[in-house]
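**Student:** Take this structure, written in structure tokens, and hold onto it; I'll ask about it next.
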Amino acid sequence: MRIAAVLADRCQPKKCNKECERFCPLNRTGSQCVTFGDKGKPIISEALCQGCGICTNKCMFKAIKIIGLADELKEDIVHRYGENAFRLYRLPVPKKGIVTGILGPNGIGKTTAIRMLSGAETPNLGDYENPPSREEVLKHFAGTELHDYLQSVYEGKIKTAIKPQYVDKLPQSVKGVVRDLLVKVQERMTVEEAAETFDLAGVLDRELDKLSGGELQRLAMAATVMKEADVYYFDEPTSYLDIYQRVRMARIIKDLSRDKQVVVIEHDLAILDFLADNVNLVYGSEGAYGVFTLARQVRTAINAYLDGYLPEENIRFRDRPIEFEASPPRGDWQTADVISFDGLKNDFGGFSLDITGGSVKIGESVGIVGPNGTGKTTFVKMLAGMIEADSGSLEGEVKLSYKPQYISADFDGTVQELLFSKNYETISSGFFSGEVIEPLGIKFLMDKKVSRLSGGELQRVAIAICLSEEADMYLFDEPSAYLDSNQRMIAAKTIRRMMEKTGRSAMVVDHDVYFLDMVSDSMMVFGGDPGVHGVGEGPFDMRDGMNRFLSAVDITFRRDADTHRPRINKPDSRLDREQKSNGEFYYS
């Protein structure tokens, strides 16, 4: 089976000579394999297409995908958005008493699947011109678990609750204060109980448009869990949250699954491993198609995802596996200090920050961890010269490149114009293209308007801009935000590789333990009273730093025997108890 997809956001027929139509071999013989429709975009006949790949290679915007799929998938199509548009194959089935995880890249149908399962959208089974009725959909799935589930949804026997993906859009759709929203959904718990459970007591009377990303996430979680439902869907429940809050949300979701059906889409692999029982992988091509695999045990699923190969379907969806180091990075750095600091203090009135003495070596990558509101971003801004310390010493005349936590899309032009305006010589070089532009997928964004980029696309561009600057040390504030799990691993590898090949240093603030494990040689640990007083210590060697950090979170990690990836031990398990008694929270 062959499918053709035209990515509308990349296709720019006004800027090309319609090479896809002109060079198609079948078109040259008089057939109409590639034509241009009323919307000015190419239409590719999948029945005529021979899969020669000429149109995909000739398209300067890489807007065409011709993909060969197994014939068996023909009967498994669930939804199709239009001609040469995205299509989805198979659906997961929620099960009572367990947490069902969904893992896969952005843009391949995870959120679409939730809409189908919740009844918000009816599958068209590939017939987008004459969509089937719900009765016809049920007839199609007769004899399967999905039939019984969808029938209950359509008949109103199953009530669903959905935690949306984009919590930052809540203030646009809901007006008023936090309390007003929670009052409307207090079914399983009261507003006061929810405020305590989700740490919202301090913002109950605050307007929604005045909330931070983390506060909006906790509010969305509270509003979902408070509802009385049979099936709960959580679409990226940990974005904007620190590791403490992520573990807390994971525990709440696990408790909920004891007598409910729960489905979770999550990109933080450590948290997904901790909270999910079974996981459905989704493979495919962004904007073209997505295929759900059968559910498998969480460890097996994540290992298969990292390996990039599904043996039972003989499908390889990644060129090379994502690998982790079997042991922690060395801590005996013999290089000179690129920057050192001692007794840095800052008092902002309502918040004060104390940084003990430490230094960063040439070629060293330092991960920075700790709760939100303890001064991590403030410390990075002090290093970048954006905030001046009240007291203490900061030594080292270094040139810094800084990627901020919150990225602005305030640029009237394309990605290529933005990149070239920053550092044309570096970005146009073969080395930078091979090490940064290609791995991060920036080449597919070059002709897109910056103002139209998604959060993940903007994040990748910001990382590229930061790395393009000629500097002695690179500061990254939450570079994994908005990225899917695959993009996070690639971004971590890219930053790490650039530091190693250029001999530069880096400091990385992030909450994803997998990301930090891949990118860091040592750790700075922040603590204190969030929003009131922050204390930053280190850098420590990786093992010592992670032990200090994880002991405060009260979780332990081990290494997976096959992939060497970090795995959170189940609370109060044998390994959890043994590692805590030995003081080894990181891994043994």
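**Student:** Place +1 on the Cβ of every Lys and Arg and -1 on the Cβ of every Asp and Glu in the chain, take the dipole about the Cα centre, and give the residue among V225, G51, S573 whose Cα lies farthest towards its positive end.
**Tutor:** The listed residue farthest towards the positive side: G51.
**Student:** I would also like to ask the following. Checking the table K210/K381; K65/K169; K169/K403 against a 26 Å threshold on Cα-Cα, which pairs fail?
**Tutor:** Flagged as over cut-off: K65/K169.
**Student:** Okay, moving on. How big is D for region 356-494, in µm² s⁻¹ as a whole number, if Stokes-Einstein is applied with the Kirkwood radius of its Cα pairs at 10 °C and 1.306 mPa s?
**Tutor:** 98 µm²/s
**Student:** Restricting attention to the chain, give the cysteines that have no other cysteine Cβ less than 4.7 angstrom from their Cβ.
**Tutor:** Here C11, C16, C24, C33, C49, C52, C59, C466 come out as lacking a disulfide-compatible partner, given the Cβ-Cβ threshold of under 4.7 Å.
**Student:** Next question. Rule-of-thumb check for the chain: C-alpha Rg over 2.2 N^0.38 Å?
**Tutor:** Here the Cα radius of gyration is 1.01 times the empirical estimate.
**Student:** Among P13, S31, G287, whose Cα sits farthest toward the positive end of the charge dipole of the chain (+1 at Cβ of Lys/Arg, -1 at Cβ of Asp/Glu, about the Cα centre)?
**Tutor:** Positive-most Cα among the choices belongs to S31.
**Student:** Mind putting a number on the dipole of region 1-143 about its Cα centre? Charges go on the C-beta only, +1 for Lys and Arg and -1 for Asp and Glu, and I need it in Debye to the nearest 20.
**Tutor:** That gives a dipole near 600 debye.
**Student:** Also, I was wondering about something else. Once you keep just the Cα pairs under 8 angstrom separated by 6 or more residues, what percentage relative contact order results for the chain?
**Tutor:** Value for the chain: 14 percent.
**Student:** Taking N as the number of residues in region 1-141, what value does Rg over Cα atoms divided by 2.2 N^0.38 Å take?
**Tutor:** Output field value: 1.21.
**Student:** What is the magnitude of the charge dipole of the chain about its Cα centre, with +1 placed on the Cβ of each Lys and Arg, -1 on the Cβ of each Asp and Glu, and no other charges, expressed in debye to the nearest 20?
**Tutor:** Here the chain has a charge dipole of around 1700 debye.
**Student:** Which of I387, N372, S408 sits farthest toward the positive end of the charge dipole of region 348-412, with +1 on the Cβ of Lys and Arg and -1 on the Cβ of Asp and Glu?
**Tutor:** N372
**Student:** First compute the accessible area of the chain with a 1.4 Å probe, then give the percent of it belonging to carbon and sulfur atoms.
**Tutor:** The computed percentage sits at 46.
**Student:** Using each residue's phi in region 70-85, evaluate 6.51 cos²θ - 1.76 cosθ + 1.60 at θ = phi - 60° and report the 3J(HN,Hα) Karplus result to the nearest Hz, with x for Gly and Pro.
**Tutor:** Couplings: 5, 4, 4, 6, 3, 7, 9, 5, 9, 8, 9, 8, x, 5, 6, 10 Hz.
**Student:** Further question on the same structure: Which order do D9, D412 take by accessible area at a 1.4 Å probe, largest first?
**Tutor:** Order by accessible area, largest first: D412, D9.
**Student:** Taking the Cβ of L200 as the centre, find all other residues whose Cβ is under 14 Å away and add up their charges (Lys, Arg: +1; Asp, Glu: -1).
**Tutor:** Charge balance in the 14 Å sphere: -3.
**Student:** When the scattering of region 89-143 is computed by the Debye formula from its Cα atoms alone, each counted once and equally, what is log10 I(q)/I(0) at q = 0.17 Å⁻¹?
**Tutor:** -0.65
**Student:** Here's another thing I want to ask about it. Below 10 angstrom from the Cβ of E286, what's the summed charge of the other residues (Lys, Arg +1; Asp, Glu -1)?
**Tutor:** Net of charged neighbours comes to 0.
**Student:** Which of the GluC sites (Glu not before Pro) found in region 158-200 are in a DSSP loop and have at most 16 neighbouring Cβ atoms, other than their own, within 10 Å?
**Tutor:** Those that pass, being in a loop and sparsely packed, are E187.
**Student:** Where in region 379-426 are there trypsin sites (Lys or Arg not before Pro) that are in a DSSP coil and have at most 12 other Cβ atoms within 10 angstrom of their Cβ?
**Tutor:** K399
**Student:** Right, here's the next one. For every helix of n ≥ 4 consecutive DSSP H residues, a contribution of -39,500 (n - 2.57) applies; sum these over the chain, divide by its total residues, and give [θ] at 222 nm rounded to the nearest 500 deg cm²/dmol.
**Tutor:** -8500 deg cm²/dmol
**Student:** Per residue, what volume in Å³ does the convex hull of the Cα atoms of region 142-226 enclose?
**Tutor:** 116 Å³
**Student:** In terms of Cα to Cα distance under 26 Å, which lysines are near enough to K157, apart from those fewer than 8 places away along the same chain?
**Tutor:** K95, K96, K110, K139, K184, K227, K254, K260
**Student:** Something else about it: Under a plain spin-label model, where a point goes 7 Å from the Cα along Cα-to-Cβ, how far apart in nm are D76 and L294?
**Tutor:** 1.0 nm
**Student:** On to the next question. How much of the pair distance distribution for region 473-579 lies past 20 Å, counting alpha-carbon pairs only, in percent?
**Tutor:** That fraction is 47 percent.
**Student:** Over the heavy atoms of T160, what accessible area does a 1.4 Å probe trace out, to the nearest 10 Å²?
**Tutor:** 40 Å²
**Student:** Mind checking the dipole of region 351-448: about its Cα centre, +1 per Lys or Arg Cβ, -1 per Asp or Glu Cβ, Debye to the nearest 20?
**Tutor:** 220 debye
**Student:** Restricting to DSSP loop positions (anything but H, G, I, E, B) with no more than 14 other Cβ atoms inside 10 Å of their own Cβ, which chymotrypsin sites (Phe, Trp or Tyr not before Pro) remain in region 400-474?
**Tutor:** For chymotrypsin sites (Phe, Trp or Tyr not before Pro) across region 400-474 that sit outside H, G, I, E and B with at most 14 neighbouring Cβ atoms in 10 Å, the list reads Y406.
**Student:** Can you give the translational diffusion coefficient of region 476-522 in µm²/s, computed by Stokes-Einstein from the Kirkwood radius over Cα pairs at 20 °C and 1.002 mPa s?
**Tutor:** The Stokes-Einstein estimate is 202 µm²/s.
**Student:** Using the heavy atoms of the protein chains and a 1.4 angstrom probe, tell me the accessible area per residue for the chain in square angstrom.
**Tutor:** Dividing the accessible area of the chain by its residue count gives 43 Å².
**Student:** Next question. Counting only other residues whose beta carbon sits under 9 Å from that of V6, what net charge do I get with K and R as +1, D and E as -1?
**Tutor:** In short, +2.
The values are calculated or read from the model by the stated rules, or taken from the named source; none is laboratory data. Predicted, not measured: the structure shown is a model, and the values here were computed from it. All Cβ positions, even for glycine, are placed from backbone atoms using ideal geometry, and neighbour counts span all protein chains on display. For the accessible areas, the whole protein counts, side chains as well, though only heavy atoms, and no ligand, DNA or RNA atoms are used. Shrake-Rupley method; radii C 1.70, N 1.55, O 1.52, S 1.80 Å.
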